[in-house]
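Coordinate-derived values only; no laboratory data. In this text, all values refer to a predicted model and were calculated from it rather than measured experimentally. Reconstructed Cβ throughout: ideal geometry from the backbone, glycine too, with neighbour counts over all protein chains shown.
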Amino acid sequence: MGHVQITPSILDTDFARLGEEVARIGSADWVHVDVMDNHFVPNLTFGPSMVEALSRATELPLDAHLMIEDCDSNAPAYVEAGAGSVTFHVEATRAPVRLAREIRAKGARASMALKPATPVEPYEALLPELDMLLIMTVEPGFGGQKFLDLCLPKIRAAREMVRRHGVETWIQVDGGVSLETIERCAEAGADVFVAGSAVYSADDPDAMVRELRVRAEGAST
Ligand code: DX5
Ligand code: ZN
């Protein structure tokens, strides 16, 4: 499995000071940007112009997590805005293979997300098309929710599928990831870890990023 990466979410930061907020997580591998449209999820955040502004405010690559309807039409704009990785939800995409290919052709990593009730097995054949699979460990929409242990078997199944296919697809987890839960995710086979409230509620967010990394590395199988 790939090396451990920590991708802090800026969802619960001060949006009037985003440049300063991303400067507090220098040890992170990516900045996780939660894009919400108030339709796919009951919350509203950023659009492409904010992603574009953020890409100029940090050296870190941007990991855009799109929680929006009609990803087929709306996702490519986030590659153009400068995101290095673009994640679409399979529940909001009509043609995931076509979209993944379009994201890659435009120069970003293509990633697909599954809500907690969406099984991973039907998508096994898509793995070679995907640079990352995001297994949600809360219902998407808000930061600070409780980690859902019921998602752990799906992480295991995804890791097994990646092994079987001999592909390099990263497995990301998102939602309720903290010092308390990150080891469970790593043991199950995740290698990319989103953490929002755990990082930004810490006195020293960058120290928390480093601590999460150590925990995940210690538990990786
Ligand atoms: C939830 C978002 C997450 C969220 C994570 O819908 O996709 O990225 O910000 O926040 P925590 O780590 O607090 O669950
Ligand atoms: Zn997210």
Residue count for region 107-131, restricted to those that are surrounded by 15 or more Cβ atoms within 10 Å (Cβ to Cβ), away from ligand 1 (no atom under 16 Å from the Cβ) and either among the charged types (D, E, K, R) or not in a helix (DSSP H, G or I) (or both): 7
Verdict on Met208 being away from ligand 2 (no atom under 16 Å from the Cβ), within 21 Å of Pro116 (Cβ to Cβ) and in contact with a Leu (Cβ under 9 Å, 6 or more places away or on another chain): no
Count of residues meeting criterion [in contact (Cβ under 8 Å) with a residue 12 or more places away in the chain and assigned to a loop (DSSP other than H, G, I, E, B)] in region 12-54: 17
Residue count for region 160-176, restricted to those that are away from ligand 2 (no atom under 16 Å from the Cβ) and either buried (at least 20 other Cβ atoms within 10 Å of the Cβ) or in a loop (DSSP other than H, G, I, E, B) (or both): 6
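Just one of Ala83, Ala95, Ala105, Ala117 is within 16 Å of the chain's Cα centre (by Cα) and at negative phi; which is it?
Details: Ala95 fails: within 16 Å of the chain's Cα centre (by Cα); Ala105 fails: within 16 Å of the chain's Cα centre (by Cα); Ala117 fails: within 16 Å of the chain's Cα centre (by Cα).
Checking each option against the conditions leaves just Ala83.
Name the residue that is nearest to ligand 1 (Cβ to nearest atom), counting only residues in region 183-198 that are in a helix (DSSP H, G or I) and of a type in the set (Asp, Glu).
As a first pass, look at region 183-198 and keep what is in a helix (DSSP H, G or I): 183-188, 197-198.
Among the residues that remain, those that are also of a type in the set (Asp, Glu) are: 183, 187.
Numbers: Glu183: 15, Glu187: 19 Å.
Selected residue: Glu183.
For the condition in contact with a Pro (Cβ under 7 Å, 6 or more places away or on another chain), over 23 Å from Leu127 (Cβ atoms), surrounded by 20 or more Cβ atoms within 10 Å (Cβ to Cβ) and not polar (S, T, N, Q), what is the one hit in Ala81, Ala77?
Values: Ala77 fails: surrounded by 20 or more Cβ atoms within 10 Å (Cβ to Cβ).
After applying the criteria, what remains is Ala81.
For the condition touching a helix residue (DSSP H, G or I) at 6+ places or on another chain (Cβ under 9 Å), more than 10 Å from ligand 1 (Cβ to nearest atom) and outside any helix (DSSP H, G or I), what is the one hit in Glu102, Glu180? Step through it out loud before you land on a result.
Numbers: Glu102 fails: outside any helix (DSSP H, G or I).
Just a single option satisfies the conditions, and that option is Glu180.
Only one residue in Leu134, Leu152, Leu148, Leu179 is crowded, with 22+ Cβ neighbours inside 10 Å and not hydroxyl-bearing (Ser, Thr, Tyr), so which one is that?
Numbers: Leu152 fails: crowded, with 22+ Cβ neighbours inside 10 Å; Leu148 fails: crowded, with 22+ Cβ neighbours inside 10 Å; Leu179 fails: crowded, with 22+ Cβ neighbours inside 10 Å.
Every option except Leu134 fails the conditions.
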Per-region count, region 1-38, residues within 14 Å of ligand 1 (Cβ to nearest atom) and not hydrophobic (A, V, I, L, M, F, W, C): 10
Residues of region 64-79 satisfying the condition of being outside any helix (DSSP H, G or I) and not small (Gly, Ala, Ser): His65, Leu66, Met67, Ile68, Glu69, Asp70
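In contact (Cβ under 8 Å) with a residue 40 or more places away in the chain, within 16 Å of Leu134 (Cβ to Cβ) and more than 16 Å from ligand 2 (Cβ to nearest atom), is that true of Ala157? Spell out how you get there, then give the answer.
Values: in contact (Cβ under 8 Å) with a residue 40 or more places away in the chain: no; within 16 Å of Leu134 (Cβ to Cβ): yes; more than 16 Å from ligand 2 (Cβ to nearest atom): yes.
Spelling it out, it is not the case that Ala157 is in contact (Cβ under 8 Å) with a residue 40 or more places away in the chain, within 16 Å of Leu134 (Cβ to Cβ) and more than 16 Å from ligand 2 (Cβ to nearest atom).
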